[in-house]
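Engineer: One structure is given below, represented as structure tokens, and several questions about it will come after.
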Amino acid sequence: MELLKNKIREEGLVLSDAVLKVDSFLNHQVDPDLMKEIGKEFAEKFAAEKVTKILTLESSGISPALMTALELHVSVIFARKRKSLTLNDNVYVANVRSFTKGETNEVTVSKSFINKEDRVLIIDDFLANGQAAEGLIHIIEQAGAALAGVGIVIEKSFQPGGKELRDRGIRVESLARIQALENGKVQFLEEAFQ
Ligand code: 5GP
């Protein structure tokens with residue numbers, strides 16, 4: 001997605017060879033016009049998948065997930081990282097090791113919102129080692145629901161998550177794929193390989 005790649009080129013900060021900071025439009029401040037286009041792009045890609053729910057992880061996945069949900073006219077559920085006082089024990093639980101914080105969170109989703117009739121599309125901001133996606137897939141499995149696919153805003157293709165998911169036959173669509181973050185520069189995977 002050229003619009004997204006240009007935004008990354010202009011505003012992305014390479015923090016290290018492994019971490020890209022995009023706080024100005026995705027992870028802290030949010031660009032609604034860009035999110036709208038991201039939502040349209042995911043909706044087009046997954047149009048034939050009969051999606052009934054979108055599942056993401058709080059907080060950075062919510063903006064792209066919500067804009068996609070708006071296009072597909074389905075509800076969006078965000079897995080919670082902190083136990084909510086109003087969430088009872090009737091929850092699906094998965095452990096997710098955070099790539100950026102290095103800590104493991106128990107993430108939860110109420111059993112009220114996903115059931116075995118659902119076809120669930122996962123949307124997230126980044127794909128690195130695939131821990132977040134694996135946790136969300138584990139929740140979908142506990143619900144007995146079907147996985148419609150995984151939509152990622154920024155995939156770092158030099159980390160193993162994307163390959164591992166695709167090798168298992170899971171449809172992964174990423175709007176920008178990064179081949180390397182070296183010498184402070186973002187290098188995108190050539191379109192031909194995307
Ligand atoms: P994974 O679980 O695939 O290893 O990492 C994905 C999660 O870690 C995403 O939900 C995202 O919040 C965070 N993450 C991974 N890599 C980056 C990165 O380079 N920059 C930012 N801002 N977040 C990242």
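Engineer: Tell me, what HN-Hα J-couplings in whole Hz come from the Karplus equation 6.51 cos²θ - 1.76 cosθ + 1.60 at θ = phi - 60° for each residue of the stretch 6-20, using x for Gly and Pro?
Structural biologist: Karplus-based 3J(HN,Hα) across the stretch 6-20 equals 5, 5, 5, 4, 6, 10, x, 10, 7, 7, 7, 5, 10, 10, 10 Hz.
Engineer: 5 Å is the cut-off here: which amide hydrogens, built 1.01 Å from N in the peptide plane, fall below it relative to residue 75, excluding neighbours closer than 5 in sequence?
Structural biologist: Residues meeting the amide H criterion: 54.
Engineer: Which order do the peptides 110-116, 56-62 come out in when sorted by mean C-beta neighbours inside 10 angstrom, highest first?
Structural biologist: Descending mean neighbour count gives 56-62, 110-116.
Engineer: Right, another one. For residue 57, which sequence-distant residues (separation of 5 or more, or a different chain) have an amide H within less than 5 Å of its own amide H, given hydrogens modelled in the peptide plane?
Structural biologist: Here 79 satisfy the definition.
Engineer: Output wanted: per-residue J couplings in Hz (rounded whole) for the stretch 91-102, from phi through Karplus 6.51 cos²θ - 1.76 cosθ + 1.60, θ = phi - 60°, x for Gly and Pro.
Structural biologist: 10, 8, 10, 9, 9, 10, 8, 6, 5, 7, 9, x
Engineer: Still on this model: Given a 1.4 Å probe, how much area per residue of the stretch 57-194 is accessible, in Å²?
Structural biologist: Each residue of the stretch 57-194 exposes 51 Å² on average to a 1.4 Å probe.
Engineer: Using mean Cβ contacts within 10 Å as the protection proxy, how do 136-143, 89-96 order, highest first?
Structural biologist: 136-143, 89-96
Engineer: Sort out for me the Cα centre separation of the stretch 50-67 from the stretch 132-194, rounded to whole Å.
Structural biologist: The stretch 50-67 and the stretch 132-194 have Cα centres separated by 15 Å.
Engineer: Please list, in chain and number order, the residues 5+ apart from residue 180 or on another chain whose amide H is under 5 Å from its amide H, with Hs placed from the backbone.
Structural biologist: Close amide H contacts, sequence-distant or interchain: 187.
Engineer: Another question about this same structure. I need the GluC sites (Glu not before Pro) found in the stretch 63-123, filtered to DSSP loop residues with at most 11 other beta carbons within 10 Å of theirs.
Structural biologist: Here the GluC sites (Glu not before Pro) that fit, given the DSSP loop and packing criteria, are 103, 117.
Engineer: I need the phi-derived Karplus couplings for the stretch 140-149: 6.51 cos²θ - 1.76 cosθ + 1.60, θ = phi - 60°, integer Hz, Gly and Pro marked x.
Structural biologist: 4, 5, 4, 7, x, 8, 9, 8, 7, x
Engineer: Sorted by mean Cβ packing within 10 Å, highest first, what order do the peptides 7-17, 157-167 take?
Structural biologist: Highest-to-lowest ranking by the protection proxy: 157-167, 7-17.
Engineer: Then there is this: Return the calculated 222 nm mean residue ellipticity for the chain, to the nearest 500 deg cm²/dmol, obtained by summing -39500 (n - 2.57) across DSSP H runs with n ≥ 4 and dividing by the residue count.
Structural biologist: Estimated from H runs of four or more residues: -8500 deg cm²/dmol.
Engineer: Please report, in whole Å, how far the alpha carbons of the chain spread along each principal axis, starting with the longest.
Structural biologist: 47, 36, 33
Engineer: Angle between the Cα long axis of helix 32-45 and the longest principal axis of the chain, 0 to 90 degrees, nearest 10?
Structural biologist: The answer is roughly 70 degrees.
Engineer: So for the stretch 92-194, what percent of the C-alpha to C-alpha distances run longer than 17 Å?
Structural biologist: When every Cα pair of the stretch 92-194 is considered, 55 percent fall beyond 17 Å.
The values are calculated or read from the model by the stated rules, or taken from the named source; none is laboratory data. From a predicted model like this one, the values you see are computed outputs, not experimental measurements. Glycine also receives a Cβ, built like all others from the backbone with ideal geometry; neighbour counts cover every protein chain displayed. Heads up: the accessible areas ignore ligands, DNA and RNA and are worked out on the full protein's heavy atoms, side chains in. Shrake-Rupley method; radii C 1.70, N 1.55, O 1.52, S 1.80 Å.
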